[in-house]
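**Student:** One structure follows; several queries about it will come next.
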Amino acid sequence: MKNNYSRLKWVALIIIGGILFFLSKSAHAATTTPLPLQQAIFGVVQDENGLPIPGVTVTVKNTNRGTVTNLDGEYSISAPANGTLVFSYIGYKTVEIPVDNNEEISIQLEEDISALGEVKINAGYYNTTERESTGNISRVTAKEIEQQPVVSPIQALAGRMAGVEITPNGNLPGNASTIRIRGTNSLREEGNFPLYIIDGVPINSTPLESNSNLTFGGIDPLNTLNLSNIESIEVLKDADATAIYGSRGANGVVLITTKKGKQGKTELQARVYTGASTVSNRIDLLNTEEYLQIRRRAFVNDGLEPTEDNAYDLLIWDQDRYTDWQDIFFGRTAQVTDVNLNANGGNENTAFRLSGSYHSQGTVFIGDYDYKKVTAGAHVSHTSDNNKLNLDLSLNYGVDLNNLVGYLNLTANAFTLPPNAPSLFNENNTLNWSDWAEVGLENPLSGFYNTSRTQAQNLNSNLVVSYEILKGLRLKSNFGYTNFRSDELVKRPKRSFSPATRGNIANRSNHLFIKRNSWIVEPQINYRNSIGKGEIDIILGSTFQQSERKNIALQGEGYVSESLMGNLNAAEDIIATSNSNADYRYNAIFARLGLNWDKKYYLNLTGRRDGSSRFGPGNRIANFGAIGSAWIFSEEEFIKSSIPFLSFGKLRGSYGTTGNDQIGDYGYFDAYESTLGPGGLYPNQLSNPEYSWEVNKKLEAAIELGLFEDQLNLAVSWYRNRSSSQLVGFSLPAITGFTSVQANLPATAQNTGWEVELSSYNIQKENFSWRTSLNFTIPRNELVSYPNIEESSYANTYRVGEPLNISLLYDYDGINPETGLYQFTDVNNDDALDYQDRMIAWNRGREFFGGLDNVISFKNFSLQFLWEFVKQEGMLAMFNAGSLENQRSDVYQSFDSNNRFQQISRSIEASRAYSDALNSTFPIENASFLRLKTLNLTYSIPSRFLEKIGLQTGRLFLTGQNLFTLSPYKGMDPEAPARGTSFTALRTITAGVQINL
Amino acid sequence: MTKTIYIILGLLILASISFLSCEEFLEVDAPENKIVSEAVFNSDETAASAMSGIYNELFRAAFSGGWENSVTVLSGLSSDNLKTIRENDLNLREYSENNIQPNNSRNLALWSSAYSIIYMTNSILEGLEASDNLSEGIKTSLEGEAKFVRAFTYFYLVNLYGEIPLILSTDYRENSLATRNSEEDIYQQIITDLNTSRDLLDDNYRHGDRTGVNRSCALALLARVHLYKENWEEADLASSEVISNTQQYEIISDPNQVFLANSKEAIWQITPEGRGGPLGFTNEGSIFLFLSIAPGITKVALTEELVNSFVERDQRLHDWIGFNEDTQNYFVNKYKDRRSINEILEFSMVLRLAEQYLIRSEARVMKNNFAGALADLDVLRVRAGLPILSANNEELSKEELLDTILEERRKELFTEWGHRWLDLKRTNKADYFLPPSSEDWENTDIYYPIPAQELMKNPNLTQNPGY
């Protein structure tokens, strides 16, 4: 069955490839019509590699006359013999060439590295450039994303953007990473998701629920995107950029733009890479001899005789056996394969792009699990001859399949199993139950034959129609539709359980069906005009959006045989464990007024009036807005003359409000729901009809400098975001019947920080160039105010003046000389250790973080490598020497008289002291790290070889992820420093080839 | 050309319409899986479903479901009837050692689940109050049933925790800052609610099964409450009324049949149906019975001391207690079923007739009706196959009689709803009986700690002494 499935995928890919190839052959290049002669001049414009550049503007200086190059880079124009031609094209240096009676002027344009400022940036409803932007928008492009062997594009952003924090939630393919743009704004986890927009269509950024091992963190809703199909990802950060998204902009906006068809010759591109991932780190645990020594000492210290009940590791299990459980559980190598095909082309009116991809990834865990995805994408754009009508359609479809183990944590046991525990398998490869049952335990792989299979399908589509009514006045609307379905089947066969418990267990399957779909229509009017030196750009628009989400969870039980499992027909009993749906409607008016004078002074006003169905009647509508301005002072004459080495200088600032409506639907609804038992109804949430928007006020100031002809670029921004009237699940004492209720909290949380972006062209020679860029963020998070926090239910969770991301800990006070156990400061001297003694507010957040990227090119070689760095503290557990679980090898020091650990013991008091220690300052460690996040070596095959086989370009590349980490932290992975046992970053090495036809 | 103009006109109209942001667009229907509270109390069927919801949830609620965090198990451990046999479960060990930490998660579950049920009863009572569309019959029944469940829940809260907040509404704003009420206040409310129940309900079980609440439930609990409050006369009257209802209730002669679903000895039971799904056995069955093939899973067992207190010929020793050879432990064998799928043999017993005899017997002793007291005791002794006491020529003193009743209560009601623990407390005998089994016994251990999490969230709550 599985084989058929993957074979089908290959067939599909071959068909897609075939179609693309056919299209590439059948497309024609358009021809040019020569203009009437004055003095006819013709020529070809090429890039540095000798490839023609279509669309280059060729004008006769000081006249209105001009043309553009055709698909083959050719142009012809008439010009006076003593005139001058100006060749300009975005991203390339503008060149002026005197005609000098020449009939042919062919040139090569040089890429203008400093023209980055001219690159169009997607700001959502409008475009801007880095130079002219009044807001803070970070951008990564295809180059940085497409070769990374990861599933979701979010994972590819780690370390690349100032102010954007990506932390993985797990090590399984498809697990959602946590993304925080300028820190934690909301006290609710789910209130911190940014807004995702793919080609203008908002996507629900909440990770998908799962019954599988992806439950923690959930499934990333962007998994089904094809990374190779992404043109750019822009992250909008400040008020100026986000206020136009009003109620949904509080946590920043992630704009994903897929690749568009380009005018020009039809091209076919194919890329394949393959490689392998492993877990690069291990925790140094006790070996058998050390472990047993410690256990024996525990009984001596406690004055107890070991019995077969409490010391089976000493009395029953083999005293010489040793197993490296980490190797057993996650020591495998996971394969990664990625195939990508695309074709694009078009003429002056119409352009298209088609793409298809296949990606597969294994896991490092014991057992055979894998992740596969297949995507297809199409984009068509059309412009009418008179340039008035524009149509633009993009479709992206993806299917993925995630096969994992079900209901079994494959990492936890790797650290806790005593090193002399018996084997997991019998010699015939069946699970070994008897050795474990002998001591009253289940085999740690109990549940090993459980499987989970999550299949998702995702369609994102968007049509944009725009029409220019009058010069400068354009009517436009986008129509978006998204449809997401996921279908999960977790099987729990009897065979997975010990013979002892099997009798009590039925073959069970759990089914989870998730459907999310939404449509959006956004009619808009754009007006653009210039008056004298001034330019004005107006957008007025509105949004209608409706989203539906539906979850059905079913459980089938009592299958006669394992082979029938999953077919609900064959189940003896079917229970619907949950069946919920939610309807979300959203309506808004938005506007933007962009002004600039002389390309020096910029003013940008944005606003939005929003309504959301997530609030009770009367609280649904609110207004948001922002003002942003910029001054390009390097254009002022007095600056130009006094600071000649300053090639670019801009000061900008913005202030505005955004909101947050990411709160469960229907929270204002006072309602009853069905009980699990038959025929019953019960109220299962508290209702609060009064809650309303969470308001986020953002302030930003920044300076951007370009020095020495933009060889060195520096941008420094300072921001302050304040979230007030926090919308939270207000935590309640259980006497109210519930533990929380949705409400606006009279609290203000603040994120401030500095972001620095620096890039430098260190060397720029013909055959050798080296560019370095650095991003660096110092975030500060603080609960600024909370009136009467002492009387609220948060009195013992948060502290005014401290970050939100704190743990309140006991103050560790050394070893008690009498008991030999950890002791802690009894702050209120009541002889009891409780929450009133947890007075140390420990910040779990990052002190600073950033990335350092280098791109070095030498002849045909290009080397790119990104270092990610983070300064933070973490915790490290596994030091409970004496208990019936393995521990870090550090605890072996406990035999020395002077060591930092408590006396070896297995007593209840010692266990309690240990668990108190885990809630104290004792296990805090420096968890800072410097990690070689990605490394990419590319070799471009010289064209003389390629021509022979009919290829245009060809590249070979080698990519590494998480190759090397420098950290004092002794846990598995400093990226997840909670206890030391989590790990997220796999070391992956891939190699591949890319060719263009 | 005209076509273009129409297009433009059309688009302009479209644009101008859409700029009128409309609030009606934002109206959404209720999700399919919810019914607006008002609507629930608009029809007899849905209102009755809300009560069925409580009966279902009582099985899932930690304190009442009979599983690890239930009164049955935790208070059983606190008394001298149960012990833990898995040493790594610290939270359970804290109960058996009478050394509960305020942050014990089982303690929080016990407490929270009780208040969750109280919320449901308050919600129903408010819904009934506000509704005009229900028939009188269903309205009175539901009020009587909900008030009974509320009183029942408060009875355990006040006995386990002492002074506790008395929550009688669903208003979380007020309730989240509630202070503790005196035990007297709580008992007053319990008695008021039970009297109302008694007056509103009749002797029919509305659903047929004994898992609904009828008038006898209210009487039976009233009898117990009056016994605890030492109102001997009222206790005698209420229990007598139940006992005299021989039409409905009788002492089942075969101890093996007592805990079956709808057994004639049952006054009120909780159905495993509330679990949802096909599994049909009680939680007591699955927590107490050993699986011969995986004895290591079971966490609690009977103390030898309890087992030794039975004389050899006591039928209850044979029918209600088992011995597991693998682990050398005695186990509770009152419930026999831990594997039924798609059928329900047993319900979880909450109130049964035997207790009413014991209540009346004790009340009669206090009223100096010794003969009557002995007659009541003998009803149970006969079932147990023991010689009857009234035939005994030797005259027992009042103290001896009370001790006999306490002993008899232990043997009859062990591992049912914490009877032993509450008996030791109300008779002030905990200090005498418990120190032998728990080294660090302190008198303050008779109350469980208010969960630390609750103190953190509600600054108006205070901790019990000794924690």
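**Student:** Determine, from the Cβ-Cβ distance of B:D254 and A:N828 and an R0 of 51 Å, the FRET efficiency 1/(1 + (r/R0)^6), rounded to the nearest 0.05.
**Tutor:** Details: r = 58 Å, r/R0 = 1.14.
Efficiency for this residue pair is about 0.30.
**Student:** Order B:134-146, B:311-323, A:504-516, A:91-103 from most to least packed using the mean count of other Cβ atoms within 10 Å. All intermediate terms of the calculation are to be shown ahead of the outcome.
**Tutor:** On the way: B:134-146: 18.6, B:311-323: 16.5, A:504-516: 20.2, A:91-103: 13.9.
Result, highest mean first: A:504-516, B:134-146, B:311-323, A:91-103.
**Student:** Please work out the FRET efficiency for the pair A:I949 and A:N767, using the Cβ-Cβ distance as r and a Förster radius of 25 Å; give the result to the nearest 0.05. List each step's numbers first, then the result.
**Tutor:** Values: r = 25 Å, r/R0 = 1.00.
It comes to 0.50.
**Student:** Here's a follow-up. Which value in nm describes the separation of the simple spin-label points at B:N342 and B:S105, placed 7 Å from the Cα toward the beta carbon?
**Tutor:** Each label point lies 7 Å from its Cα, and together they span 3.5 nm.
**Student:** Quick check: pseudo-label points 7 Å beyond the Cα along Cα→Cβ at A:E885 and A:D284, how many nm apart are they?
**Tutor:** It is 2.2 nm.
**Student:** If you don't mind, another one. Given only helices, namely DSSP H runs of n ≥ 4 each adding -39500 (n - 2.57), what is the per-residue ellipticity at 222 nm of the protein assembly as shown, to the nearest 500 deg cm²/dmol? Walk me through the intermediate numbers first.
**Tutor:** Working: 32 runs with 327 residues, N = 1464.
My calculation for the protein assembly as shown gives -6500 deg cm²/dmol from helical runs alone.
**Student:** Another question about this same structure. Under the classification rounded if a/c is under 1.5, otherwise prolate if a/b is larger than b/c and oblate if not, where does the range B:265-361 fall, given a ≥ b ≥ c as square roots of the Cα gyration tensor eigenvalues?
**Tutor:** On the way: a/c = 2.46, a/b = 1.06, b/c = 2.33.
Oblate, because a/c is 1.5 or more while a/b does not exceed b/c.
**Student:** Are any of the pairs A:K698/B:K457; A:K237/A:K871; A:K93/A:K698; A:K262/A:K515; A:K265/A:K650; A:K120/A:K388 more than 28 Å apart by Cα-Cα distance, and if so, which?
**Tutor:** A:K698/B:K457; A:K93/A:K698; A:K262/A:K515; A:K265/A:K650
**Student:** Specify whether the C-alpha gyration tensor of chain A places it in the rounded, prolate or oblate class, a ≥ b ≥ c being the square roots of the eigenvalues: rounded for a/c under 1.5, otherwise prolate if a/b is larger than b/c and oblate if not. Please list the in-between numbers first.
**Tutor:** Numbers: a/c = 1.78, a/b = 1.62, b/c = 1.10.
Verdict is prolate for chain A.
**Student:** Which of A:F415, B:F63 has the fewest other C-beta atoms within 10 Å, and how do the rest follow up to the most?
**Tutor:** Numbers: A:F415 23, B:F63 28.
Placing the least packed residue first, the sequence is A:F415, B:F63.
**Student:** Let me ask something else about it. Exposure proxy check: A:L866, A:L195, A:L441 ranked by fewest other beta carbons within 10 Å? Display every interim value, and only then the final one.
**Tutor:** On the way: A:L866 21, A:L195 25, A:L441 18.
Ordered from fewest to most neighbouring Cβ atoms within 10 Å, A:L866, A:L195, A:L441 come out as A:L441, A:L866, A:L195.
**Student:** Please compute, for peptide A:829-837, the average count of beta-carbon atoms on other protein chains lying within 10 Å of each residue's beta-carbon.
**Tutor:** Values: counts 0, 2, 0, 7, 3, 9, 6, 3, 0.
Taking all residues of A:829-837 together, the mean is 3.
**Student:** By the gyration tensor of its Cα atoms, with a ≥ b ≥ c the square roots of the eigenvalues, what is the shape of the range B:408-467: rounded for a/c under 1.5, prolate for a/b over b/c, or oblate?
**Tutor:** On the way: a/c = 2.95, a/b = 1.84, b/c = 1.60.
Prolate, because a/c is 1.5 or more and a/b exceeds b/c.
**Student:** So, one more: So what's the angle, to the nearest 10 degrees on a 0 to 90 scale, between helix A:2-26 and the longest Cα principal axis of chain A?
**Tutor:** Helix A:2-26 and the main axis of chain A meet at about 10 degrees.
**Student:** With just the Cα atoms defining each centre, how far is the range B:157-178 from the range A:667-715? Give it in Å.
**Tutor:** One Cα centre to the other: 32 Å.
**Student:** Moving to a separate point now. Taking each residue of B:458-466 in turn, how many C-beta atoms of other protein chains fall within 10 Å of its C-beta, and what is the average?
**Tutor:** Working: counts 9, 8, 2, 2, 0, 3, 0, 0, 1.
Across the residues of B:458-466, the mean count of other-chain Cβ atoms within 10 Å is 3.
**Student:** Could you order the peptides B:401-409, A:428-436, A:488-496 from most to least packed, using the average number of other C-beta atoms within 10 Å per residue? Spell out each step's value before the answer.
**Tutor:** Details: B:401-409: 18.2, A:428-436: 14.9, A:488-496: 21.9.
Highest mean packing first, the order is A:488-496, B:401-409, A:428-436.
**Student:** Ordered by packing density, taken as the mean number of other Cβ atoms within 10 Å over each peptide's residues, highest first, how do A:383-391, A:970-978, B:357-365 rank? Before the final figure, lay out each step's value.
**Tutor:** Values: A:383-391: 12.8, A:970-978: 23.1, B:357-365: 26.2.
Highest mean packing first, the order is B:357-365, A:970-978, A:383-391.
**Student:** Using alpha carbons only, how many angstrom separate the centre of the range B:289-313 from the centre of the range A:822-862?
**Tutor:** 49
**Student:** Simple spin-label model, 7 Å along Cα-to-Cβ: A:E562 to B:K429 in nm?
**Tutor:** 5.5
**Student:** Also, I was wondering about something else. Work out from phi, with θ = phi - 60° and the Karplus expression 6.51 cos²θ - 1.76 cosθ + 1.60, the ³J(HN,Hα) of each residue of the range B:422-430, listed in order in whole Hz, and give x for Gly and Pro.
**Tutor:** Karplus-based 3J(HN,Hα) across the range B:422-430 equals 5, 5, 4, 5, 6, 8, 6, 10, 4 Hz.
**Student:** Just tell me how shielded A:665-674 is by partners: mean number of partner chain Cβ atoms within 10 Å of each residue's Cβ, no decimals. Present the calculation step by step, with values, prior to reporting the outcome.
**Tutor:** Values: counts 2, 4, 0, 0, 6, 7, 10, 16, 5, 7.
What the average comes to for A:665-674 is 6.
**Student:** By counting other Cβ atoms within 10 Å of each Cβ, how are A:S634, A:S897 ranked from fewest to most? Don't skip to the end; give the middle numbers.
**Tutor:** Numbers: A:S634 17, A:S897 5.
Placing the least packed residue first, the sequence is A:S897, A:S634.
**Student:** For A:T141 and A:T67 in one chain, what is 0.36 nm times their gap in residues minus the Cα-Cα distance, to one decimal in nm?
**Tutor:** On the way: separation 74, 0.36 × 74 = 26.64 nm, distance 2.96 nm.
Going from the current span to full extension adds 23.7 nm.
**Student:** Calculate the length of the line joining the C-alpha centroid of the range B:265-285 to that of the range A:733-795, in whole Å.
**Tutor:** Each part reduced to its Cα centre gives a spacing of 50 Å.
We did not get these values from a lab; they are worked out from the coordinates using the rules stated. Here the structure is a predicted model, which means the values were calculated and not measured. So basically every Cβ, Gly included, is an ideal-geometry build from the backbone, and we count neighbours across all protein chains shown.
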